[in-house]
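Presented below is the structure to which this report refers.
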């Protein structure tokens, strides 16, 4: 009997240690002191093995090579909200009111489509879905409630509004089984889930799966997903990134970031085990900059799980 009690005690101890391991805080480290005005749009190129990211306010595309520590910049000409690699080379950029293609060997930019007519609204975050379509949302310059939307560009370049009455369209990812899309409209302080039809790109059955507690003092921004199906969400205003379980709504882990505004997250590295985090320097007060002098930097951390490869746009251009 004593033997079983001892084994049970050991098991409970291990479970408590594992629980502590899951919930312990980790701090991201600076890998590039970029001093970005508005760092955003981080995505690990699955074949080039480099991190693509944007400085929206500086109208610049960055390509960071962790092997050499080199960070190449290209001018986007105007504010670009998101980047998606294209099958065969180059990237799609969601600009002010248009979708454009950049040749990343030269920096040349060409128009793909210009679907927005409202000068008060611009494109923001987006990604490619498992079928190779391009999804991108918008936001109003004055952050007017309900003035934005979420769109899908099919592989024939057909452009469709999927959701309306959005305020700040941000993080978007898909589950490994291609049946669920997760989505962030920042001011709602939630992550929503939708049933997703991979064949058509249609959405249905929208519901809230994660609520970001107001006690964290942050708003959900960019988002990625790991190989275990858990969500990683950058928190604007909280100097942090959180890992969430969409099945339970539980916050599993918190990554501290030495910058007040964390904006986007992407798994990268040879084993997709490094979480890269973009941040913001613009609009901080002198007091905030004194507390967070590395704001605008690119940060990284090994959180103990791996990500999944980014999808490419696989349509005609």
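If I model a spin label as a point 7 Å beyond the Cα along the Cα-Cβ vector, how far apart are those points for residue 285 and residue 106 in nm?
Simple spin-label model gives 4.9 nm for this pair.
Would you mind putting 146-153, 207-214 in packing order, based on average other-beta-carbon counts within 10 Å, highest first?
Highest to lowest by the protection proxy: 146-153, 207-214.
Arrange the peptides 36-47, 187-198 so that the one whose residues have, on average, the most other Cβ atoms within 10 Å appears first.
36-47, 187-198
Considering Cα pairs under 8 angstrom that are at least six residues apart, work out the relative contact order of the stretch 201-249 and quote it in whole percent.
Over the stretch 201-249, the number comes to 33 percent.
Over the stretch 27-301, what is the relative contact order in whole percent, taking alpha-carbon pairs under 8 Å and six or more residues apart?
For the stretch 27-301, the relative contact order is 17 percent.
For the stretch 27-301, what's the radius of gyration and Dmax over Cα atoms, in angstrom?
17.1, 51
At 222 nm, what helix-only mean residue ellipticity would the chain give, in deg cm²/dmol to the nearest 500, using -39500 (n - 2.57) for each DSSP H run of four or more?
Result for the chain, helices only: -3000 deg cm²/dmol.
Percent of Cα-Cα pairs per 5 Å bin, from 0 to the last occupied bin, for the stretch 182-276, please list those.
Answer for the stretch 182-276: a P(r) of 3, 14, 24, 24, 19, 11, 5, 1, 0 percent.
Rounded to the nearest Å, what's the spacing between the alpha carbon centres of the stretch 204-270 and the stretch 121-189? Just the number, please.
Taking the Cα centre of the stretch 121-189 as reference, the centre of the stretch 204-270 is 17 Å away.
How long, wide and thick is the stretch 30-70, going by the Cα atoms along their three principal axes, in whole angstroms, largest first?
Principal-axis extents of the stretch 30-70 (Cα, largest first): 27, 18, 13 Å.
We did not get these values from a lab; they are worked out from the coordinates using the rules stated. The model shown is predicted, which means the values in this text are computed figures rather than measured ones. Positions of Cβ are generated from backbone atoms using ideal geometry, with glycine treated the same way; all protein chains shown enter the neighbour counts.
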